[in-house]
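Before we start, here is the structure in question, set down as structure tokens.
The values are calculated or read from the model by the stated rules, or taken from the named source; none is laboratory data. Values in this document were obtained by computation on a predicted structure and should not be read as measured data. No Cβ is skipped: glycine too gets one built from the backbone with ideal geometry, and neighbour counts run over all protein chains shown. Please note that ligands, DNA and RNA were not included when accessible areas were found on the heavy atoms of the full protein model with its side chains. Shrake-Rupley method; radii C 1.70, N 1.55, O 1.52, S 1.80 Å.
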Amino acid sequence: MLLLIIGILCLLGLLIYIFSRQIIAYFNRISLKKTKRFAANAAHELRTPLAAIKTQAQIALISQNLAEKDQAIEKLLLSVNRCTHIIQQLLIQGNLSPEKNFSLVQLDSIAQDIYQLLLPIAHSKNIQILCQFEEKLPAIIGNEVTLGILIRNLLDNAIRYSPMNSQINLKLYSRKKEIVLEIIDQGPGIPKSYQRSVFERFYRILGNENTGCGLGLSIVQEISLQHHARIILKSNPAKYKGLSIKLYFPKATHKNKLNTKK
Amino acid sequence: MRLLLIEDDEQLGDAVKTGLRHSGYIVDWVTNGEQADAAIRSNLFECILLDLSLPKRTGLSVLNQMRHSGNLTPVIILTAQDSLECKIKSLDSGADDYIVKPFDLNELCARIRALSRRHLKQAESLLKYQNITLDPKSHQVTLDNKPLIIPRREFALLQKLLEHPGQVLTREQLMQSLYSWEDEVESNALEVHIHNLRKKLHTKNIRTLRGIGYMLTKEDPS
């Protein structure tokens, strides 16, 4: 009898061992695929900005005129900054994983930090950022770091696309079951026909001369999905021209609080 | 030589336009498929540089439309896509050459010259006429084997004349090959350039056809 039990346990042990190795191999394949995909994307996205750098450098070399040389070198530096930006965004996107490092977080304090961070940039375009945060805003369940990235991307976009001397509204308020984050700018807005595509990676609407790289909104979308938040875009809202983006985050309830880390 | 650059990326487009202008080309730059179609239809260009990933319409669809309508202008594809299947597809769709970003500006210019020779049915890039030679690569002109300095537009005008000996080139054709849409031109600019060329080359072979244009008389086969 004892022998039988030991035999069965050994067999079980063996099966578990084989099974878990398969699972690990499976996840390794996925992460290898993911890594490959990430690397391929990164390579592809960097080619065009690198081409600009190469051509600008060649122009700088052949220019006899010093003023032309300087101009070419300045443009070169702008392109390098752009490459750096792309790499940073790619790394952020590459690192976004569905693992839940979630806890109770306050959107207003995260927003406040981001606001302070981006204030100098807004200042350089003489843009006013008006923060309207509801007092005693309820908490939500989420990841503080990625929510910071989300808000930073949204506010950064708003600043980029806003004309000089304009105003951006950053609002946080609660509804029955949700907390709403709203950013309104006075920029050109996004026509309805493009509103779905703007979330695609690297999609940028024609004709803008911005130096962003088109990953911002796809990162925003990915982080929203992880937080079970929905995104509503409205262009040319009643009072202000421009774009209004609203994110609806589910409030932290008694049920989901229990599932979080402390 | 007048080129059309179809590239939606602002920084790259600006860099390539500037680089090509430095190399002596007249360049017009458009940033999307619709503008590209209109520009191509104008038939003003001797070579087209086409980026595959354009907003609103793909580069490939612009190329297809162009070839279907019978336009034979040489096309070089500029792209970040380096997959074999993309290369094959583009070449089969009517592209004449394919260059992957980032590329060397000198290589791009060499490929443009290669296509130009093919298009003009020339054996070599160096143009020779009596005691005059013109090298599109080095931008050198020689008269009786001695180097002659001539400014950019006169160089372009001389090149055009040397490429079409015995052919009447209308005033409009010459203007269009010397100036991009961005340039502001004096109304008698062409006459001034012709006058200067005649003087510098000591030649009577640049003939005026009143009311029509100009022609470089064909060389005597002797």
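How would B:47, B:86, A:131, A:10 line up by accessible area, probe 1.4 Å, largest first?
Details: B:47 0, B:86 25, A:131 45, A:10 85 Å².
Per-residue accessible area, sorted high to low, gives A:10, A:131, B:86, B:47.
Report, to the nearest 10°, how far helix B:10-22 tilts away from the longest principal axis of the Cα atoms in chain B, using its own Cα long axis and a range of 0 to 90°.
Compared with the principal axis, the helix lies near 20 degrees.
Also, I was wondering about something else. Rounded to the nearest 100 Å², what's the accessible area chains A and B bury against each other, both chains counted, probe 1.4 Å?
Numbers: alone 16900 and 11970 Å², together 26870 Å².
Interface between A and B: roughly 2000 Å².
Over chain B, with every protein chain in place, what whole percent of the accessible area is carbon and sulfur at 1.4 Å, could you tell me?
48 percent
Whole number please: convex hull volume per residue of the Cα set in region A:127-169, in Å³?
Values: hull volume 2.9 nm³, N = 43.
It comes to 66 Å³ per residue, whole-number rounded.
When the dipole is taken about the Cα centre of region B:1-153, and only Lys, Arg (+1) and Asp, Glu (-1) are charged at their Cβ, what size is it in debye, to the nearest 20? Mind showing how you got there, number by number?
Values: 20 positive and 20 negative charges, 129 e Å.
Approximately 620 debye in magnitude.
Relative to the Cα centre, what is the charge dipole magnitude of region A:1-155, using +1 at the beta carbon of each Lys and Arg, -1 at the beta carbon of each Asp and Glu, and rounding to the nearest 20 debye? If you can, show how the numbers build up before the last one.
Working: 15 positive and 10 negative charges, 171 e Å.
With only Lys, Arg, Asp and Glu charged at Cβ, the dipole is about 820 debye.
Sticking with this one: What value, in deg cm²/dmol to 500, does the helix sum -39500 (n - 2.57) over DSSP H runs of n ≥ 4 give at 222 nm once divided by the residues of the protein assembly as shown?
Working: 14 runs with 232 residues, N = 484.
Mean residue ellipticity at 222 nm (helix-derived): -16000 deg cm²/dmol.
Give me the distance between the Cα centres of region A:25-83 and region B:105-182, rounded to whole Å.
Here the answer is 34 Å between Cα centres.
Using +1 on the beta carbon of Lys and Arg, -1 on that of Asp and Glu, and nothing else charged, what's the dipole of the protein assembly as shown about the Cα centre, debye to 20?
1320 debye
Shifting gears a bit: So which residues of region B:81-128 lose at least 30 Å² of accessible area, probe 1.4 Å, when you go from the chain by itself to every protein chain present?
B:101, B:102, B:103, B:104, B:105
Of B:151, B:127, B:167, which is farthest along the charge dipole of region B:125-167 in the positive direction, counting Lys and Arg as +1 and Asp and Glu as -1 at C-beta?
Farthest towards the positive pole: B:151.
Related question: Whole percent per 5 Å bin, from 0 to the bin with the longest distance: what is P(r) over all C-alpha pairs of region B:1-151?
Bins of 5 Å from zero give 2, 9, 19, 21, 20, 13, 8, 5, 3, 1, 0 percent of pairs.
Obtain the nm distance between the two label points defined at residue B:91 and residue B:114 by a simple spin-label model: each point lies 7 Å from its Cα along the Cα-to-C-beta direction.
In this crude label model, residue B:91 to residue B:114 measures out at 1.1 nm.
Still on this structure, please answer the following. If R0 is 22 Å, what FRET efficiency do you get for residue B:107 and residue B:140 from their C-beta distance, rounded to 0.05?
0.60
What share of the DSSP beta bridges in the protein assembly as shown is antiparallel, in percent to the nearest 5? Mind showing how you got there, number by number?
On the way: 40 of 63 bridges.
Counting DSSP beta bridges with both partners in the protein assembly as shown, the antiparallel share is about 65 percent.
Per-residue mean of other chain beta-carbon atoms within 10 angstrom of the beta-carbon, peptide B:26-34?
Values: counts 0, 0, 0, 0, 0, 2, 2, 1, 1.
Partner Cβ neighbours, averaged per residue: 1.
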